[in-house]
1. Lys and Arg at +1, Asp and Glu at -1: add these up for the other residues within a Cβ distance under 15 Å of TYR131 and post the number.
2. Assign unit charges at the C-beta atoms only (+1 for Lys and Arg, -1 for Asp and Glu), then state the dipole size of the chain relative to its Cα centre in Debye, rounded to the nearest 20.
3. With θ set to phi - 60° and the Karplus curve 6.51 cos²θ - 1.76 cosθ + 1.60, what are the ³J(HN,Hα) couplings of segment 173-187 in order, to the nearest whole Hz, using x for Gly and Pro?
4. Along the charge dipole of the chain, pointing to its positive end and built from +1/-1 on Cβ of Lys, Arg, Asp and Glu, which listed residue (PRO169, HIS185, SER27) has its Cα farthest out?
5. Nearest 500 deg cm²/dmol is fine: what mean residue ellipticity at 222 nm does the chain get from its DSSP H runs of n ≥ 4 alone, each adding -39,500 (n - 2.57), divided by its residue count?
6. Apply the a/c threshold of 1.5 to the C-alpha gyration tensor of segment 1-78 and tell me whether it is rounded, prolate or oblate.
7. May I ask what percent, to the nearest 5, of DSSP beta bridges between residues of the chain are antiparallel?
8. Among SER126, PHE106, PHE83, flag the residue with its Cα farthest along the positive direction of the charge dipole of the chain, charges on Cβ as +1 for Lys/Arg and -1 for Asp/Glu.
Amino acid sequence: MKQAGEEELLAFLKDVDLRFDGEDLKSRIPLYVLGGAAAVIAYGSRRGTEDIDAWLEDERIARKLEDLAGKGTELAQKHQVYFQPANTTLMLIEEPEWRDRSIEFFKGKLKHFKIMAAGKEDLILSKLSRYNDRDREDIRFLAEERKVDVKNLIACYKAARDYYVGHLPTLDTTFNVVLEEHFAHKPLKLE
């Protein structure tokens, strides 16, 4: 699949949105976007993505979204991008505060969905458990181009540690690498 930029992601979202015209929805549905798609949509990363890591509170809508526009579906093939559920239990994010810190994008462009991109700090934290090359690229971009406040990032990290289900010493090491490499900040002593 090719790597979709902001324009392609919006076209995909609009096409998906049209498919919900027959649904009896009381209001616009918050669709939370994490991962590379959030970096592209909300913060202007030019790297592109082939998927949208999405989180929805409404399980029925989440299933329908995946059936309609998940990997291998007709819509995914048409737009060369697909939805996949964001596994928020494996991400270092503070529940439910990360949703409160999310930012709405594409206002007025979709009828049924309210696209909410993870905040800068939460997006960085969501990338720590995997921390592959693409994650490092997104963190570098946010640190250099979007001026993440390192004090706020550290505060969010400390608060989110309580919700992490993985191996904390490894995560702490990764966070300290991020602090040193991307923010020129000395390592933290965490317990």
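None of the figures in this text is laboratory data; all of them are computed from the coordinates on show. Just so it is clear, the structure is predicted and the values come from calculations on it, not from any experiment. For neighbour counting, all protein chains shown are included, and Cβ atoms are generated from backbone atoms with ideal geometry for every residue, glycine included.
1. So the surrounding residues net to -2.
2. Approximately 320 debye in magnitude.
3. Per residue, the Karplus-derived 3J(HN,Hα) values read 4, 4, 4, 5, 4, 4, 4, 6, 6, 9, 10, 6, 10, 5, x Hz.
4. HIS185
5. Estimated from H runs of four or more residues: -14000 deg cm²/dmol.
6. Note, shape of segment 1-78 comes out prolate.
7. 40
8. PHE106
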